[in-house]
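Working notes, beginning with the structure itself.
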Amino acid sequence: MKTLKGDTIYIRALEPNDLEFIYAIENDQSIWEVSNTHTPYSRFLVKQYLENAHQDIYEAKQLRLAICQDQDFPALGLIDLFDFDPKNNRAGVGIVIQGVEHRNQNIGSEALDLLIQYAFYNLNLHQLYANIGCENKASIALFTKFGFEKIGVKKDWTFVNGVYKDEGIYQLINV
């Protein structure tokens, strides 16, 4: 897969020139809460990750794609399938749009729609799920817009800034 095109964005496989973008996202402490990150990543580790990004989803159990808006290739965000389980035909979904200036422009919606279509029709997945902090209203709105249903709450799931926070689990079944 090279790209999946929507009306205003496309999602594509990671490229070596995404190193600085991914390095910036992985080291952005403001999103560590939603990405379950606890420590910074070095450029060396990100470079190693990119060198292995060619692995098939069946091998890596993950697929990370760059979200782009125009043809000069810079990424605006990342969208992932993670914890891919081919036996049970399911995967988790995560998305991050870098920079406030790119949010609330339908970029995340279009990327999620493309990924859902790819997961259900190309990978033949039966279900997708997302783990979303109960206070993250924007992500809840995004995922529920596409039919993800809240199926439970993990109480006191994450410890952030001295406070335990609940996390909802949302599920979309391909019917």
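The values are calculated or read from the model by the stated rules, or taken from the named source; none is laboratory data. It should be emphasised that the depicted structure is a prediction, and the values quoted were computed from it without experimental measurement. Glycine gets a Cβ as well: all are built from the backbone with ideal geometry, and neighbour counts include every protein chain shown. Ligands, DNA and RNA are excluded from the accessible area calculation, which covers all protein heavy atoms including side chains. Shrake-Rupley method; radii C 1.70, N 1.55, O 1.52, S 1.80 Å.
Here the extension length gained between Lys137 and Thr158 equals 5.9 nm, from 0.36 nm per residue of separation less the Cα-Cα distance. Across the chain, C-alpha contacts under 8 Å between residues 6 or more apart give a mean separation that, scaled by the residue count, equals a relative contact order of 17 percent.
If you roll a 1.4 Å probe over the heavy atoms of the protein chains, what accessible area per residue do you get for the chain, in Å²? Walk me through the intermediate numbers first.
Values: 10150 Å² over 175 residues.
Using a 1.4 Å probe on heavy atoms only, each residue of the chain averages 58 Å².
For segment 94-164, the list of GluC sites (Glu not before Pro) that fall in a loop by DSSP and count at most 15 other C-beta atoms within 10 angstrom reads Glu135. Tell me the mean residue ellipticity at 222 nm calculated for the chain from its helices only (DSSP H runs of n ≥ 4, each -39500 (n - 2.57), averaged over every residue, nearest 500). Taking each H run of at least 4 residues, the total per residue is -7500 deg cm²/dmol. Karplus-based coupling profile of segment 25-33, in residue order and whole Hz: 5, 5, 9, 7, 4, 5, 10, 4, 4, with θ = phi - 60° in 6.51 cos²θ - 1.76 cosθ + 1.60 and x standing for Gly or Pro. Among the listed pairs Lys5/Lys137; Lys87/Lys154; Lys61/Lys145; Lys5/Lys154; Lys47/Lys145; Lys47/Lys154, those with a Cα-Cα distance over 29 Å are Lys5/Lys154; Lys47/Lys145; Lys47/Lys154. Protein-only accessible surface at a 1.4 angstrom probe places the residues Trp157, Trp32 in the order Trp157, Trp32, largest first. To put it simply, the accessible area of the chain at a 1.4 Å probe is 50 percent carbon and sulfur.
Distance between the modelled labels on Lys61 and Gln29, one decimal in nanometres: 3.1 nm (7 Å Cα→Cβ projection). Among the trypsin sites (Lys or Arg not before Pro) in segment 74-175, those placed in a DSSP loop whose Cβ has at most 10 other Cβ atoms within 10 Å are Lys87. Backbone phi angles across segment 47-54, fed through the Karplus curve with coefficients 6.51, -1.76 and 1.60 (θ = phi - 60°), yield HN-Hα couplings of 4, 4, 4, 5, 5, 9, 5, 6 Hz in residue order; Gly and Pro are listed as x. Considering only Val93, Val163, Val34, the Gaussian network model of the chain with Cα springs below 10 Å gives its largest mean-square fluctuation to Val163.
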